[in-house]
Amino acid sequence: MLDVRQVCSFADYFVVCTGDSNRQIEAVWQGINKVLKEQGIASHHSEGTAESGWVLLDFGDVVVHIFGVAERGYYQLDRLWEKAVPIVRIQ
């Protein structure tokens with residue numbers, strides 16, 4: 001999770017995670033939607049599919065990126081937003 005408030009005008013936080021398979025990407029996507037919906041928080045917008053290796057969920061202040069392994073390496077969001085402050089890193 002990156003705090004992007006000082007380097008980004010459209011979000012406060014990015015959550016960037018990786019799924020090892022299309023099925024896992026889909027499960028993470030559905031799990032996030034389910035838990036937040038139960039809390040009364042709905043996604044403003046979503047893009048991508050598990051099959052494409054990248055899913056974006058826009059919750060306004062928080063944007064979630066779920067990547068496949070190859071796609072995360074290709075897009076390198078961690079490097080692109082290297083000036084953001086890491087809040088949580090789990091490996």
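I want to make sure I understand the PRE zone here: with the label point 7 angstrom from the Cα of residue 69 toward its beta carbon, which residues in the stretch 37-60 have backbone N atoms less than 19 Å away? Zone members listed by number: 50-55. Gain on full extension, evaluated as 0.36 nm per residue between residue 51 and residue 35 minus their Cα-Cα distance, stands at 3.5 nm. Of the labelled figures (i) 1.56; (ii) 1.24; (iii) 1.04, only one reflects Cα Rg over 2.2 N^0.38 Å as derived from the coordinates, namely (iii).
Where both bridge residues fall in the chain, DSSP classifies roughly 65% of the beta bridges as antiparallel. 3J(HN,Hα) couplings calculated from phi for the stretch 29-36 with the Karplus curve 6.51 cos²θ - 1.76 cosθ + 1.60 (θ = phi - 60°) are, in sequence order, 4, 5, x, 4, 4, 4, 5, 5 Hz; Gly and Pro show x. Listed peptides 52-61, 77-86 appear in the order 52-61, 77-86 once ranked by packing, highest mean of other Cβ atoms within 10 Å at the front.
Here the peptides 28-39, 13-24 are ranked by packing, the mean other Cβ count within 10 Å, and the order with the highest first is 13-24, 28-39. Between residue 91 and residue 42, the contour length at 0.36 nm per residue exceeds the Cα-Cα span by 14.9 nm.
Read the figures in this text as sums done on the coordinates, not as results from a lab. Values in this document were obtained by computation on a predicted structure and should not be read as measured data. Glycine also receives a Cβ, built like all others from the backbone with ideal geometry; neighbour counts cover every protein chain displayed.
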